[in-house]
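Report on the structure given below.
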Amino acid sequence: MTPASGGTADAWLLVLAVIAPAACVPLALALGERGARWLALALAPAGVALAAAITAAVWRRGDALVYVLGGWAPPLGIALRADGLSAAMLLTTAVVIGAAALYARADLDPGRGAPESRASFLFWPLLLTTWAGLNAVFVGSDLFHLFVALELLTFGAVPLVCLDGRPATIAAALRYLLFALAGSLLYLLGTGLLYGVYGTLDVVLLAERVRVEPTARIAAALMTAGLLAKVALFPLHLWLPPAHAGAPPAASAVLSALVVKGSFVLIVRLWLDALPGLATPAAAQLLAALGAAAIVFGSVLALRQARLKLLVAYSTVAQVGYLFLAFPLASATQLGSAAWTGGILQAVSHAVAKAAMFLSAGLIAKALGHDRIDGLAGVGRALPKTLFAFGLAGLSLMGLPPSGGFMAKWLLLRAAIDGGQWWWALVILAGGMFTGGYVFRVVARALASTGEPPTLRSPVPRHLEALVLALALLSVAIGLLPFASFGLLQIGRPS
């Protein structure tokens, strides 16, 4: 394997980002539950350091890192590529995976001397598989290689839903699998059409060769529909709430914060990098319309939920919608760079905030023995740090200053107003009010006075409360970063 022409010695880090978690999967299966757990926990800080090194290299170069596998340049070979979007998602993934691993270490530990359970053993290799799949998606630049990465991600993520083996979670996992496989089939049909016409699936070469013609339009439509099913964009969201709400808290955090973002990043690569000529204003408006419907529909259903984890899951349906508002704003306004930055910041801030919310919900459910919202009275006194973390993460989802969610939504709002697309500004503002409604509903109920604090069935470890609070604080701290630091996200941005 050799660096691409014009590359640097740092480019080999891209290979390591994919190989390291993937190589640990068979080792984790061989080591058993405790060995796999310590292997994943040891890899977590190394993964954060590796993602930070890739981010620093991209920032230092001011250009994308490219690595050609085996010395065979595209279209004969495959190149790995990391730009500002890739670097941000790699770093976010490493942080959330590390937090989920620390949480699962305590939550899924069978206890000293107890036999290992299916959940406590399988979680670790599945987590590593999901991590490898995500990293492969973020650095891939060949549409078939990206298909393989998506399948790896799917087969790591789906079993995480049904680790407890309950009929309800198995049904949720099967529904997730059916949507994912249907999406993969549509995506693969599209790649076949593109390869048959243009003789390559490399993103850079496709951008040079593709023409606006019926075959390319059909391929783009098929691939987009398949990816939207994996993202769970309305109305293809039916699999997401039961899957994310039924999984263990650590798995829910990874699924909601990261897994759906993999397919979204691939939609960005497809429309803005590989097939820029097909990204018409009408297509961008259609994607944004679906995003707006997701914001409204997901928020309304979140308000109606009786269970805390289902509320947080429907919140994901709504928050994913904001990502698609960036398409018409980034392509049709002079502030396209602001919309692009806002879209990526939404993906990053949502990932951190949603991980904090799911892990907080998991602590509350374990302490009380249930997650019924009507039964949360007094939780604010019993678990003040956990509830504070939940509220802080909700503040970021609402888009209130000084959070990362505020910075993301402000940039999208600014692009919508300055670009004359005021209707998207109304959607953004309405979505923030809806989010405030369901977050306030939970916090208000948890702070309700009951005379005596509720009896906790299980004590909550202090280090886990500190963990979820750290994630929530990070979701706010993103909005306090110097604006110049967001220049990283412009590196490699499609023109």
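The values are calculated or read from the model by the stated rules, or taken from the named source; none is laboratory data. Bear in mind that the values here come from a model prediction, so they are computed numbers and not experimental data. Backbone-built Cβ (ideal geometry, glycine too); neighbour counts: all protein chains shown.
Computed quantities for the displayed model
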{"item": "Residue ID - modelled with the lowest pLDDT, chosen from residues in the range 1-12 that are in a helix (DSSP H, G or I) and surrounded by fewer than 21 Cβ atoms within 10 Å (Cβ to Cβ)", "result": "ALA9"}
{"item": "Unmet requirement for ALA274, which otherwise passes all of (1) crowded, with 20+ Cβ neighbours inside 10 Å; (2) at pLDDT 90 or above", "result": "(2)"}
{"item": "Residue list for the range 196-218, filter: within 15 Å of ASP142 (Cα to Cα), without any contact (Cβ under 8 Å) to a residue 40 or more places away in the chain and in contact with a Leu (Cβ under 8 Å, 6 or more places away or on another chain)", "result": "TYR198"}
{"item": "Any hit, the range 288-296, residues being without any contact (Cβ under 8 Å) to a residue 24 or more places away in the chain and either in contact with a His (Cβ under 7 Å, 6 or more places away or on another chain) or of a type outside the set (D, E, K, R) (or both)", "result": "yes"}
{"item": "Residues satisfying the stated conditions in the range 351-408, i.e. under 23 Å from the mean Cα position of the chain (by Cα), surrounded by fewer than 23 Cβ atoms within 10 Å (Cβ to Cβ), in contact (Cβ under 8 Å) with a residue 40 or more places away in the chain and not in a helix (DSSP H, G or I)", "result": "PRO401, PRO402"}
{"item": "Some residue of the range 314-321 being part of a helix (DSSP H, G or I), under 18 Å from ALA446 (Cβ atoms) and among the hydroxyl-bearing types (Ser, Thr, Tyr)", "result": "yes"}
{"item": "Test: residue in the range 162-175 that is farther than 26 Å from LEU310 by Cβ, surrounded by fewer than 24 Cβ atoms within 10 Å (Cβ to Cβ) and touching a residue at least 60 places away in the same chain (Cβ under 8 Å)", "result": "no"}
{"item": "Residue in the range 446-453 that is touching a residue at least 24 places away in the same chain (Cβ under 8 Å), of a type in the set (Asp, Glu) and assigned to a helix (DSSP H, G or I) present", "result": "no"}
{"item": "The range 25-35, residues that are touching a Leu at 6+ places or on another chain (Cβ under 7 Å) and more than 17 Å from ALA94 (Cβ to Cβ)", "result": "LEU27, ALA28, LEU31"}
{"item": "From the options ALA257, ALA232, ALA302, residue that is under 16 Å from the mean Cα position of the chain (by Cα), under 26 Å from GLU465 (Cβ atoms) and crowded, with 20+ Cβ neighbours inside 10 Å", "result": "ALA257"}
{"item": "Boolean, THR154 is at pLDDT below 90 and β-branched (Val, Ile, Thr)", "result": "no"}
{"item": "Whichever residue in the range 201-217 is among the β-branched types (Val, Ile, Thr) and buried (at least 19 other Cβ atoms within 10 Å of the Cβ) and, among such residues, is farthest from the chain's Cα centre (by Cα)", "result": "VAL210"}
{"item": "Close pairs from the range 75-92: first of a type in the set (D, E, K, R), partner outside any strand (DSSP E or B), Cβ under 7 Å, at least 6 apart", "result": "ARG81/ALA64; ARG81/VAL139; ARG81/SER141; ASP83/VAL58; ASP83/ALA64; ASP83/ILE491; ASP83/GLY492"}
{"item": "Among residues of the range 38-94, those that are of a type in the set (A, V, I, L, M), surrounded by fewer than 18 Cβ atoms within 10 Å (Cβ to Cβ) and part of a loop (DSSP other than H, G, I, E, B), counted", "result": "2"}
{"item": "Residues (under 23 Å from ALA51 (Cα atoms) and in contact with a Gly (Cβ under 6 Å, 6 or more places away or on another chain)) located in the range 452-489", "result": "SER475, ILE478, GLY479, LEU488, LEU489"}
{"item": "Criterion (touching a residue at least 12 places away in the same chain (Cβ under 8 Å), closer than 22 Å to LEU275 by Cβ and of a type in the set (A, V, I, L, M)) met by exactly one of LEU311, LEU345, LEU303, LEU329", "result": "LEU329"}
{"item": "Selection within the range 419-439 - surrounded by fewer than 15 Cβ atoms within 10 Å (Cβ to Cβ) and over 24 Å from the mean Cα position of the chain (by Cα)", "result": "GLY420, TRP422, TRP423, LEU426"}
{"item": "Pairs, first among the acidic types (Asp, Glu) in the range 258-273, second in a helix (DSSP H, G or I) and surrounded by fewer than 24 Cβ atoms within 10 Å (Cβ to Cβ), C-beta under 9 Å, six or more apart", "result": "ASP273/VAL203; ASP273/VAL204; ASP273/ALA207"}
{"item": "Pairs, first in contact (Cβ under 8 Å) with a residue 12 or more places away in the chain in the range 40-62, second among the basic types (Lys, Arg), C-beta under 9 Å, six or more apart", "result": "ALA40/ARG105; LEU41/ARG105"}
